[in-house]
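Visitor: Sharing a structure here in structure tokens format.
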């Protein structure tokens, strides 16, 4: 059950003597998680847990601004080629975004692949990192700056080395593997909330570019792989 009010939303799950309350304030994204022990070891249903995860993502994306998103889109449209760098689960998410931009007709490359060419000053490097400290991603930023390419970070930690190096970044204040004190509380494993919200953000960026370019489904579908 979801109860809405002007400044605070709460999602209360009641099961026997167990109560989980996920409360967030729209300003500051303050999370509060309270729990007691289930009577007889009973647990939430899958549906209830999915609702909790969705609510965490809803609260997090309140901090993302349209202005920052529009600036990100402009940088993508202005780039001659777009390079991507991320590792682990973040790497899979960024590869999804890379693929979608390819479908939309952009020249895209994922760092580390054998077909990736040299980056130039007319290109853009996009990195995704919750911690902002991923070693290989950090090296990608350093290399891109060496060749005067533009660099853009989608980060969970704005006090990181990657954040200090990229030309511009957008902050997705989810949980990271660092488990820092300032991170929001989450029912999920470390990093999951950041990764989910990053995926949703990038999917919406794809949708905005898709609409901006007024592409039809047929023209995009023709770029989908036929060798699988």
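The values are calculated or read from the model by the stated rules, or taken from the named source; none is laboratory data. Keep in mind that this is a model prediction, so the values were computed, not measured. Neighbour counts run over all protein chains shown; Cβ positions are idealised from the backbone, glycine included.
Visitor: Which numbered condition trips up residue 131, out of (1) under 14 Å from residue 198 (Cα atoms); (2) at pLDDT 95 or above?
Guide: (2)
Visitor: To continue, here is another question. Kindly establish whether residue 56 is on the phi < 0 side of the Ramachandran plot and in a helix (DSSP H, G or I).
Guide: On the way: on the phi < 0 side of the Ramachandran plot: yes; in a helix (DSSP H, G or I): yes.
The answer is yes for residue 56.
Visitor: Exactly one of these conditions fails for residue 80: (1) touching a helix residue (DSSP H, G or I) at 6+ places or on another chain (Cβ under 9 Å); (2) modelled with pLDDT of 95 or more; (3) more than 19 Å from residue 207 (Cβ to Cβ). Give me its number.
Guide: Only one criterion is unmet by residue 80, namely (1).
Visitor: Follow-up. Report yes if some residue within segment 194-210 is buried (at least 18 other Cβ atoms within 10 Å of the Cβ), modelled with pLDDT under 95 and assigned to a loop (DSSP other than H, G, I, E, B); otherwise report no.
Guide: no
Visitor: Can you find a residue that is in a strand (DSSP E or B), at pLDDT 95 or above and in the same structural domain as residue 125 (by TED's automatic domain parsing) anywhere in segment 85-95?
Guide: The initial filter retains those residues of segment 85-95 that are in a strand (DSSP E or B), namely 85.
After this cut, where a residue has to be at pLDDT 95 or above as well, the list is 85.
From what's left, in the same structural domain as residue 125 (by TED's automatic domain parsing): 85.
Yes; the residues of segment 85-95 include at least one that is in a strand (DSSP E or B), at pLDDT 95 or above and in the same structural domain as residue 125 (by TED's automatic domain parsing).
Visitor: Tell me the residue from 58, 74 that is out of contact with any strand residue (DSSP E or B) (no Cβ under 7 Å at 6 or more places or on another chain) and not assigned by TED's automatic domain parsing to the domain that holds residue 191, please. Write out each step before concluding.
Guide: Details: 74 fails: not assigned by TED's automatic domain parsing to the domain that holds residue 191.
Among 58, 74, only 58 is out of contact with any strand residue (DSSP E or B) (no Cβ under 7 Å at 6 or more places or on another chain) and not assigned by TED's automatic domain parsing to the domain that holds residue 191.
Visitor: If you check 162, 154, which single one turns out to be in a strand (DSSP E or B) and buried (at least 18 other Cβ atoms within 10 Å of the Cβ)?
Guide: 154
Visitor: Given the conditions (1) surrounded by 15 or more Cβ atoms within 10 Å (Cβ to Cβ); (2) within 20 Å of residue 214 (Cα to Cα); (3) in contact (Cβ under 8 Å) with a residue 60 or more places away in the chain, which single one is not true for residue 98?
Guide: All conditions pass for residue 98, except number (3).
Visitor: Please go through segment 134-151 and give me each residue that is in contact (Cβ under 8 Å) with a residue 40 or more places away in the chain and in contact with a helix residue (DSSP H, G or I) (Cβ under 6 Å, 6 or more places away or on another chain), ordered by number. Before you say what the answer is, go through the steps one by one.
Guide: Narrowing segment 134-151 to residues in contact (Cβ under 8 Å) with a residue 40 or more places away in the chain: 134, 136-137, 140-141, 144, 149-150.
Within segment 134-151, 141 is the sole residue that qualifies.
Visitor: So, residue 130, is that one in contact with a strand residue (DSSP E or B) (Cβ under 7 Å, 6 or more places away or on another chain) and under 20 Å from residue 93 (Cβ atoms) or not? Show your work before the answer.
Guide: Values: in contact with a strand residue (DSSP E or B) (Cβ under 7 Å, 6 or more places away or on another chain): no; under 20 Å from residue 93 (Cβ atoms): yes.
Considered against the rule, which asks whether it is in contact with a strand residue (DSSP E or B) (Cβ under 7 Å, 6 or more places away or on another chain) and under 20 Å from residue 93 (Cβ atoms), residue 130 comes out as no.
Visitor: Follow-up question, since we're still on this one. Confirm whether residue 148 is modelled with pLDDT under 90 and farther than 17 Å from residue 87 by Cα.
Guide: Values: modelled with pLDDT under 90: no; farther than 17 Å from residue 87 by Cα: yes.
So residue 148 fails the test.
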